[in-house]
Amino acid sequence: MSNWIKVVPLSEIPKLGARVVRHNGRDIAVFRNDGDGVFAMNDKCPHKGGPLSQGIVSGDSVTCPMHGMNIRLADGRAVAPDEGCVGTYPVKVEAGVVYLQL
Ligand code: FES
């Protein structure tokens, strides 16, 4: 059974940046794009496990800081020609607070 969990005020996630949320021993990267779009995925690149939260957000993707793989924020899939996928989580923002469905 999954629940909506309150994780962080939106104001604490820098635009084009991320915050890491730890849940059940797992690190989840919560990204914000240049608007107020918020996305969440495991903080582990599908290539060799790089910390995606330290990557650069651009448009609708994040670039892994390790070897430059681009991962789509919306669905966690690598942008072609790369392949791979990282698990994502539903996100909602209510009254300026970010919730994840975990
Ligand atoms: S670990 Fe992310 S591109 Fe290699």
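Residues being more than 14 Å from the ligand (Cβ to nearest atom), in contact with a Ser or Thr (Cβ under 7 Å, 6 or more places away or on another chain), within 22 Å of Leu102 (Cβ to Cβ) and not in a loop (DSSP other than H, G, I, E, B) are entirely absent from region 41-59. Among what's in region 3-23 and is touching a residue at least 60 places away in the same chain (Cβ under 8 Å) and closer than 15 Å to Gly87 by Cα, pick the residue that is surrounded by the most Cβ atoms within 10 Å (Cβ to Cβ). The selected residue is Val21. The condition (being over 13 Å from Tyr89 (Cα atoms), of a type in the set (Val, Ile, Thr) and away from the ligand (no atom under 16 Å from the Cβ)) is satisfied by just one residue among Val21, Val8: Val8. Tell me yes or no: at least one residue of region 60-67 is exposed (fewer than 13 other Cβ atoms within 10 Å of the Cβ) and within 9 Å of the ligand (Cβ to nearest atom). Taking every residue of region 60-67 in turn, at least one turns out to be exposed (fewer than 13 other Cβ atoms within 10 Å of the Cβ) and within 9 Å of the ligand (Cβ to nearest atom).
Here Asp36 fulfils each of the conditions (1) exposed (fewer than 15 other Cβ atoms within 10 Å of the Cβ); (2) within 14 Å of the chain's Cα centre (by Cα); (3) assigned to a strand (DSSP E or B) apart from (3). Taken as a whole, the structure leaves Ala80 outside the set of residues that are away from the ligand (no atom under 12 Å from the Cβ), assigned to a loop (DSSP other than H, G, I, E, B), closer than 26 Å to Asn3 by Cβ and among the small types (Gly, Ala, Ser).
Taken together, the values in this text are just the output of simple stated rules run on the coordinates, not laboratory data. The structure displayed is predicted, hence computed values, not measured ones. Glycine gets a Cβ as well: all are built from the backbone with ideal geometry, and neighbour counts include every protein chain shown.
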